[in-house]
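Nothing in this text is a laboratory measurement; each read-out follows from the coordinates by a stated rule. None of these values were measured; they are calculated from a predicted model. Please note: Cβ atoms are built from the backbone with ideal geometry, for glycine as well, and neighbour counts cover all protein chains shown.
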């Protein structure tokens, strides 16, 4: 099983390298908010991120997983990924 910091690094790389958002990896850490006062991602970007995460980690999020708290920051998202990933 991957550690939280490893999952954060993978998701951070997805945001920077795979999603063409113009983000700088140096400005993103585990506590960076994904929405306001942080990366300012919108719902369309979040849907794309969910799809990439499911493909990369080999699972599908449950409807109960998809709540705002899960997307508070990369650390919160990493915890859910750790719980769900096979």
- prompt: What residue among 20, 63, 40 has the largest mean-square fluctuation in a Gaussian network model of the chain, using Cα springs under 10 Å?
  reply: 63
- line: Per GNM of the chain with C-alpha springs under 10 angstrom, the most fluctuating residue out of 54, 36, 72 is 36
message: What percentages make up the Cα-Cα pair-distance distribution of region 4-84 when the bins are 5 Å wide from 0?
response: 3, 15, 31, 31, 17, 4, 0
statement: the chain, Gaussian network, Cα under 10 Å: of 53, 11, 45, the residue fluctuating most is 45
query: Using a basic spin-label model with each label point 7 Å from the Cα along Cα→Cβ, how many nm lie between residue 1 and residue 79?
result: 1.4
- prompt: Could you put 19, 68, 1 in order, starting from the residue whose Cβ has the fewest other Cβ atoms within 10 Å?
  reply: 1, 68, 19
task: Set the Förster distance to 22 Å, then compute FRET efficiency between residue 43 and residue 9 from the Cβ-Cβ distance, nearest 0.05.
output: 0.35
- line: Applying the gyration tensor rule to the Cα atoms of region 1-41 (axes a ≥ b ≥ c; rounded if a/c under 1.5, else prolate if a/b exceeds b/c, else oblate), the class is oblate
statement: In degrees rounded to 10, the 0-90 angle between helix 74-84 Cα long axis and the longest Cα principal axis of the chain is 20
